[in-house]
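Comments concern the structure below.
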Amino acid sequence: MTALPLALKGLKVIEVGGYAAGPWIGKVLANFGATVVHIESRDRPDGFRLQYPPYRDGVKGINRSGCFSYFNDSKYAVTLDVKKPGGLELAHRLANWADVLVENMRVGVIDRIGLGYEALKKTNPGLIFMSTCNMGQTGPRAATGGFGSQLSALAGFCGLTGDAGGSPQLLYGPYIDFVAALMGAPLILAALDKRRRTGEGCYIDVSQYECGAFYLSGPLFDYHANGKVVERDSNADPVACPHNAYPCKDEEWVAASCWNDGEFTRLAEAAGHPEWAEDARFATAEARRENAGALDDLVAAWTGERSAEAAAAALQAMGVRAYPVNTCADLFTDPQLTHRKAWRVRKHPEIDYQAHYFPGFDLSDQPGDVTAPAPVLGQDNEIVFREFLGLGREEYEELERNGVF
Amino acid sequence: MLLEPLRVLDCTGQLGWLAGRLLADLGADVIKIEPPGADLSAPDWRANNVNKRLLALDLEGEAGRSAFLRLAKEADILLETAQPGTELAAFFDPEKLRAANPRLIHVSVTPFGRTGPRAEWKASDIELMAAGGAMSLAGEPDGPPLRVTAPQSNPWAASQAAVGALVALTARAATGRGQHVDVSAQGAVIASIAHAPASWDLIGVNPLRAGAFMTGRSVHGAVYRVFWPCKDGHVNFIIYGGVAGRRTNEGLVAWMKDAGAELGMLADIDWATFDPTQATQDEVDAMESPIAAFFLTVPKAEFLRQAFEREMLGYPVNNVADIANDPQLEARGFWADLPAPGGGSERHCGGFAVVDGERLKLSWPVPAPGQHSREVLAEFGFGAEEIAALIESRAVVAR
């Protein structure tokens with residue numbers, strides 16, 4: 001049997017913008033075979049190339065950012081300056097070639113540079129054009145720009161993290177950007193389904209803030225229906241108890257929870273203290289919640305004498321939910337993630353070997369892959385403009401002389 | 001509608017609910033299958049299962065199972081969350097189901113994936129947020145790792161399941177064949193932690209929880225405050241550098257002046273040349289002290305208004321009530337008011353995007369128990385007598 005091509009082979013995507021929210025959509029599509037072209041310019045490279053560590057060996061450089069490369073593996077990169085003679089026309093040709101355009105700039109910017117949907121659809125009516133930004137394209141605060149790390153506060157996530165009565169907590173990075181990217185990708189693929197039937201493209205307006213609401217849709221419903229305001233409550237759960245992260249040896253932690261009396265009885269057995277289940281303070285879920293502090297202390301005393309792996313394995317063996325609190329380092333040695341090939345190491349010309357995230361899903365017959373390391377700035381100008389767009393040698397050289405690349 | 005009316009059988013528990021909801025918003029005909037007598041009143045259930053039809057079908061018994069296999073023969077997509085190693089997971093056998101329906105796209109959403117050394121480990125939200133690395137990065141440095149109080153691993157897993165289902169649908173348009181999509185919630189959660197793993201991978205620095213402060217920005221090791229108590233809660237504000245930082249810092253100082261607030265050392269800073277990477281902790285503390293005093297007088301809504309008008313970076317720390325009452329969402333027609341059981345209406349998140357100027361439309365309110373059982377079975381070719389027999393045997397409950 002000949003191997004099937006990747007599932008999205010032939011799908012052509014271009015990206016205008018940068019950072020995380022737009023590029024993460026393209027990365028996931030590229031991992032399943034889409035041809036994704038990341039557009040930058042020499043004057044305005046993707047902000048992630050120079051604004052955030054880590055850099056290989058700690059040395060800053062336009063092609064050394066592990067942050068940029070983490071979000072842009074498996075893609076092509078071109079540099080195209082629309083302000084130079086012939087630049088805008090070339091961008092239009094690229095948009096005519098593409099099936100999908102994703103942009104994540106502030107509202108109005110894409111129109112201003114001459115690459116708005118109305119301008120592009122005239123010559124490419126099948127184009128699927130997605131704009132993703134903080135607030136969406138309309139509404140009184142549409143013009144708000146900003147970072148996903150801060151938008152995650154407006155969207156409720158930071159306020160729901162932390163101790164009751166304590167400070168809200170940061171979530172690492174622009175949490176909500178990835179929420180919106182993973183809700184944006186299905187929109188694009190569904191729009192393709194429509195285009196297969198009708199030949200028509202469309203304009204998709206994604207508000208990252210609104211996407212975030214879907215990750216809190218239950219609490220929002222509870223507020224609308226019952227006036228209840230869910231607040232941050234450390235690691236507590238309204239049903240399960242115990243339900244927490246417990247300290248282990250060597251500054252490790254293990255997360256564990258019991259969802260009914262039977263599970264708690266088994267946890268007590270796993271810990272070598274079957275008498276806990278008989279203790280009036282812990283006999284029912286209600287009693288356990290009332291005495292959660294005392295119970296957490298007992299569980300922590302048991303976990304504190306073992307590694308997180310050993311504690312989790314002992315609890316799982318008794319059918320109790322538990323898992324080590326993996327740090328970033330642990331993610332690379334986790335046996336289950338290793339089995340799933342969650343990390344794909346690729347060699348980059350300047351960064352050398354880097355591990356790339358493979359999405360949390362895969363297909364049985366046409367599995368995806370990290371097909372290439374992240375591109376260095378402008379590395380694919382020749383391939384994209386000459387091979388994909390079919391520019392002649394002279395035409396290409398003239399644009400080069402005009403400073404378009 | 002973006003999707004043709006694909007037939008989706010949604011047998012998921014909470015780990016996969018949102019996947020069906022997203023497909024439904026995109027235009028698929030999603031049939032939620034629940035056991036007869038299931039409690040459908042929980043806010044999480046209602047919010048994630050709106051816009052689906054409901055079939056009350058017992059998948060534990062023989063009659064219900066053989067009915068399900070007939071449905072699966074006619075379906076485009078199956079979504080399920082059976083725990084690996086259980087008898088139900090064996091029933092949802094990808095090979096067997098696809099042999100009966102080669103066009104079927106079968107999506108399994110499980111804590112750790114369908115195969116592997118820990119595939120059969122059990123997990124709820126807190127274990128998945130731990131396993132995917134998210135908890136190690138949230139919380140105070142001297143406190144425990146934290147999860148977000150409202151479960152997040154469910155939507156992380158389910159939205160990746162929706163992507164996987166539609167990647168397989170795109171492939172099916174070319175090959176004519178469905179395939180199995182295996183979703184690991186643990187793997188899905190890793191998407192939430194941005195590029196943090198690259199820090200360990202490339203420079204050997206293992207990022208850990210930093211609490212309410214921003215670290216790693218000053219060469220002197222100074223930390224910058226991120227969350228500030230305000231009059232009625234907290235705001236997220238950071239003294240940044242760069243162009244946007246300059247505009248933000250200048251905007252704040254102008255606002256404080258307008259409000260007659262004490263400026264302290266802020267009055268003397270030239271924000272055009274200010275470089276946050278060069279500040280010592282004493283300097284940061286001296287800058288932050290008048291800001292902290294000022295923010296204590298400012299309500300969240302006022303912060304949001306001023307930050308928008310003055311083009312400052314920063315947002316209030318909203319709770320669900322703030323989000324629910326945000327005029328921005330109202331203006332964009334985000335909320336969908338749908339008929340509620342017993343009359344009146346209930347408010348849901350509306351369609352999750354605006355396409356060609358129109359918000360994706362919800363076709364169905366939250367279904368009542370057994371509401372669509374008869375019509376769904378009839379549409380899948382069950383005769384009146386067969387339906388009656390299923391109801392008689394209690395494999396199906398219908399209204």
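Scan region B:226-268 for residues that are within 14 Å of chain A (Cβ to nearest Cβ), assigned to a helix (DSSP H, G or I), surrounded by fewer than 19 Cβ atoms within 10 Å (Cβ to Cβ) and not small (Gly, Ala, Ser) and the total you get is 2. The set of residues from region A:335-381 being hydroxyl-bearing (Ser, Thr, Tyr), closer than 22 Å to residue B:117 by Cα and in a loop (DSSP other than H, G, I, E, B) comprises just one member, A:364. Quick check on region B:12-68: of everything there that is more than 19 Å from the chain's Cα centre (by Cα) and of a type in the set (Ser, Thr, Tyr), which residue is nearest to the other protein chains (Cβ to nearest Cβ)? The extreme case among them is B:41. Identify, from the list B:27, B:113, B:85, the residue that is on the phi > 0 side of the Ramachandran plot and either of a type in the set (Phe, Trp, Tyr) or touching a Gly at 6+ places or on another chain (Cβ under 9 Å) (or both). After ruling out the rest, the residue left standing is B:113. Checked against the criterion of being in a helix (DSSP H, G or I), surrounded by fewer than 21 Cβ atoms within 10 Å (Cβ to Cβ) and in the same structural domain as residue A:396 (by TED's automatic domain parsing), region A:58-72 has at least one qualifying residue. Given region A:164-271, what helices (runs of 4 or more DSSP H) lie entirely inside it while holding 1 or more residues that are facing another protein chain (nearest Cβ under 7 Å)? Output list reads A:175-198, A:208-214, A:217-226.
Which one is nearest to residue A:227 (Cα to Cα) among residues in region B:340-365 that are among the aliphatic types (A, V, I, L, M) and assigned to a loop (DSSP other than H, G, I, E, B)? Only one residue fits best here, namely B:340. What are the residues in region A:369-389 that are under 29 Å from residue B:107 (Cα atoms) and touching a strand residue (DSSP E or B) at 6+ places or on another chain (Cβ under 6 Å), if any? If the condition is that a residue be under 29 Å from residue B:107 (Cα atoms) and touching a strand residue (DSSP E or B) at 6+ places or on another chain (Cβ under 6 Å), then A:370, A:373 are the ones that fit.
When residues in region B:209-237 are screened for being of a type in the set (A, V, I, L, M) and in contact with a Gly (Cβ under 7 Å, 6 or more places away or on another chain), 1 of them pass.
Scanning region B:130-156 for residues that are more than 7 Å from every other protein chain (Cβ to nearest Cβ) and either within 13 Å of the chain's Cα centre (by Cα) or among the charged types (D, E, K, R) (or both) turns up B:140, B:142, B:151, B:153, B:154, B:156. When each of A:306, A:340 is tested for being more than 30 Å from residue B:96 (Cβ to Cβ) and either facing chain B (nearest Cβ under 7 Å) or surrounded by fewer than 20 Cβ atoms within 10 Å (Cβ to Cβ) (or both), the lone residue that passes is A:306. Restricting B:236, B:206, B:249 to those that are of a type outside the set (D, E, K, R) and within 22 Å of residue A:21 (Cβ to Cβ) reduces the list to B:236. Considering region A:106-143, the residues that are among the basic types (Lys, Arg) and away from chain B (no Cβ under 14 Å) include one that is farthest from residue A:8 (Cα to Cα), namely A:112. Scanning region A:132-191 for residues that are among the β-branched types (Val, Ile, Thr) and modelled with pLDDT under 95 returns a single hit, A:144. Of the helices (runs of 4 or more DSSP H) lying entirely inside region B:25-96, those carrying at least 2 residues that are touching a residue at least 40 places away in the same chain (Cβ under 8 Å), closer than 29 Å to residue A:194 by Cβ and in contact with a strand residue (DSSP E or B) (Cβ under 9 Å, 6 or more places away or on another chain) are B:43-49, B:62-74.
Scan region B:80-89 and tell me whether some residue there is buried (at least 20 other Cβ atoms within 10 Å of the Cβ), out of contact with any Cys (no Cβ under 6 Å at 6 or more places or on another chain) and within 11 Å of chain A (Cβ to nearest Cβ). No: region B:80-89 contains no residue that is buried (at least 20 other Cβ atoms within 10 Å of the Cβ), out of contact with any Cys (no Cβ under 6 Å at 6 or more places or on another chain) and within 11 Å of chain A (Cβ to nearest Cβ). Could you go through region A:84-100 and let me know if any residue there is surrounded by 23 or more Cβ atoms within 10 Å (Cβ to Cβ), closer than 26 Å to residue A:209 by Cα and in the same structural domain as residue A:373 (by TED's automatic domain parsing). Looking for residues that are surrounded by 23 or more Cβ atoms within 10 Å (Cβ to Cβ), closer than 26 Å to residue A:209 by Cα and in the same structural domain as residue A:373 (by TED's automatic domain parsing), one finds at least one in region A:84-100, hence yes. Take the conditions (1) assigned to a helix (DSSP H, G or I); (2) out of contact with any helix residue (DSSP H, G or I) (no Cβ under 8 Å at 6 or more places or on another chain); (3) over 19 Å from residue B:159 (Cα atoms); residue B:143 misses just one of them, which is (1). Considering only region B:354-389, how many residues are free of Cβ contacts under 8 Å to residues at least 40 places away in the same chain and buried (at least 22 other Cβ atoms within 10 Å of the Cβ)? Residues that pass the stated criteria total 1. Has region A:299-308 got at least one residue that is in contact with a strand residue (DSSP E or B) (Cβ under 7 Å, 6 or more places away or on another chain), part of a loop (DSSP other than H, G, I, E, B) and at pLDDT 95 or above? Yes: one or more hits. Please verify whether region B:189-200 includes one or more residues that are part of a strand (DSSP E or B), within 7 Å of chain A (Cβ to nearest Cβ), more than 26 Å from residue A:256 (Cβ to Cβ) and in contact with a helix residue (DSSP H, G or I) (Cβ under 6 Å, 6 or more places away or on another chain). Looking through region B:189-200, none of the residues is part of a strand (DSSP E or B), within 7 Å of chain A (Cβ to nearest Cβ), more than 26 Å from residue A:256 (Cβ to Cβ) and in contact with a helix residue (DSSP H, G or I) (Cβ under 6 Å, 6 or more places away or on another chain). The number of residues in region A:66-105 being within 24 Å of the chain's Cα centre (by Cα) and in contact (Cβ under 8 Å) with a residue 40 or more places away in the chain comes to 20.
Suppose the filter is touching a Pro at 6+ places or on another chain (Cβ under 8 Å), of a type in the set (Asp, Glu) and more than 8 Å from every other protein chain (Cβ to nearest Cβ); does residue A:103 pass it? When the stated conditions are applied, residue A:103 does not pass them. For region A:143-159, filtering for residues that are more than 18 Å from the chain's Cα centre (by Cα) and surrounded by fewer than 23 Cβ atoms within 10 Å (Cβ to Cβ) leaves 2. On inspection, residue B:165 does not qualify as more than 7 Å from every other protein chain (Cβ to nearest Cβ) and free of Cβ contacts under 8 Å to residues at least 12 places away in the same chain.
The values are calculated or read from the model by the stated rules, or taken from the named source; none is laboratory data. Predicted, not measured: the structure shown is a model, and the values here were computed from it. Every residue, glycine as well, gets a Cβ built from its backbone with ideal geometry; the counts of neighbours run over all protein chains shown.
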